[in-house]
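What follows is calculated from the coordinates using simple rules that are stated; it is not laboratory data. The model shown is predicted, which means the values in this text are computed figures rather than measured ones. Here the Cβ is made from the backbone with ideal geometry for all residues, glycine too, and neighbour counts use every protein chain on show.
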Amino acid sequence: MPEALEIQDTTYAGEAASFMLTRAVVGADTIQKGCIMVEDGIKKKKTIPRLDVTNIMQKRQATPTSSGSMVVDARALEPEDSMAYLEFNPRDFEQHWFAVQMNPKLLDAELPPTAENFVMLMMMERLNEFFENGIWRSRKDYDPDGAGVDPTSKGAEAADAAYLYWDGLIIKALEDPNTIAVSSPVALTGGASGNIITEFQRAYQKVPKALIGKYGELGLKLFISIPDQQKYENTMQLQTTFKNQDTTERGINRYNGYDVVPLAGLPENTFFWGMGKPDTTSNLWMGINSQDDNELKMQQLQNNSEYWFIKGLFKTDVQIGWTEELVMYTTQVA
């Protein structure tokens, strides 16, 4: 039976602290920073209705004839299945400092409360990291049981092969012919001779007029990766004649008055201009089966076993409302 738990620290040299240090990982930035509308309770499929009215004006007539069009269509959220599951033997902690906290009866061996809490905490943090990356980077074509596409052949990182359970926002934007794509994208650079501000401006010039001037948290935003945010700040420090910030202070995340939102899930050399909000006016959506399902269960594997398991079931999808109102800059390809 494969076991997930590996105890590498077995030397007792005094009392152990009453906590465990968990590894720092990226959080669910896209959700936590209010950049996407999360639709809950989708059992199979959720339709996002869209309405557009065009060509409605005409010359005055005593008896007018109908002119113009009213189009109602929809985008769909169809959450795809994924699962987290691992097994371990709590008795492995008998080799650890937490052994003194465990039940003295071997048949009732289980994790001490402190260890259990931190195991679950670390699991949840890893899940947040996974979903943050998956919102943007996922491609079902990466599935080795399907198309088995190598992410590096698409300009993505090799590690993106782990994100294969649904199609993320990047591939959906790439495959939609109505997405406003910036031509000839290049690797973004920062510093005194960096190109990042020039490329931001090239993309900004393609933003639809209807979105210009919509400032603030609920307005037009520039979504960028963490590495590109660092390039941008470095460029602002070195290229501007009149410095707009104290280089010892945290930078102001704005460009031309619009909020610049660094997101851990976005890959380097990819950014978007768009309207991403935590409400139904958002252009970016995420669909899940149920908030209640997005929990982890830890319990004994079966009555005659010493093994325990941690399990979580998830259904997830993402969607773009109007690709005609999303400007994409990426060195990745469809």
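For the pair Asn303 and Ala147, what calculated FRET efficiency results from E = 1/(1 + (r/R0)^6), where r is the Cβ-Cβ distance and R0 = 41 Å, to the nearest 0.05?
0.45
What's the exposure ranking of Leu169, Leu220, Leu301, going from fewest to most Cβ atoms within 10 Å?
Leu301, Leu220, Leu169
Can you sort Ser138, Ser305 by how many other beta carbons sit within 10 Å, fewest first?
Ser305, Ser138
Mind checking the stretch 160-219 for GluC sites (Glu not before Pro) that DSSP puts in a loop (not H, G, I, E or B) and that have at most 13 other Cβ atoms within 10 Å?
Those satisfying the criteria are Glu217.
Using Cα positions and a limit of under 29 Å, work out the lysines in reach of Lys140, with same-chain residues fewer than 8 apart set aside.
Straight-distance partners of Lys140: Lys33, Lys43, Lys44, Lys45, Lys46, Lys154, Lys172, Lys221, Lys277, Lys297, Lys311, Lys315.
Run through the stretch 184-223 and list the chymotrypsin sites (Phe, Trp or Tyr not before Pro) located in a DSSP loop whose Cβ has at most 16 other Cβ atoms within 10 Å.
Answer by residue number: Tyr215.
Arranged by the count of other C-beta atoms within 10 angstrom, fewest first, what order do Leu296, Leu127 take?
So the residues, fewest neighbours to most, are Leu296, Leu127.
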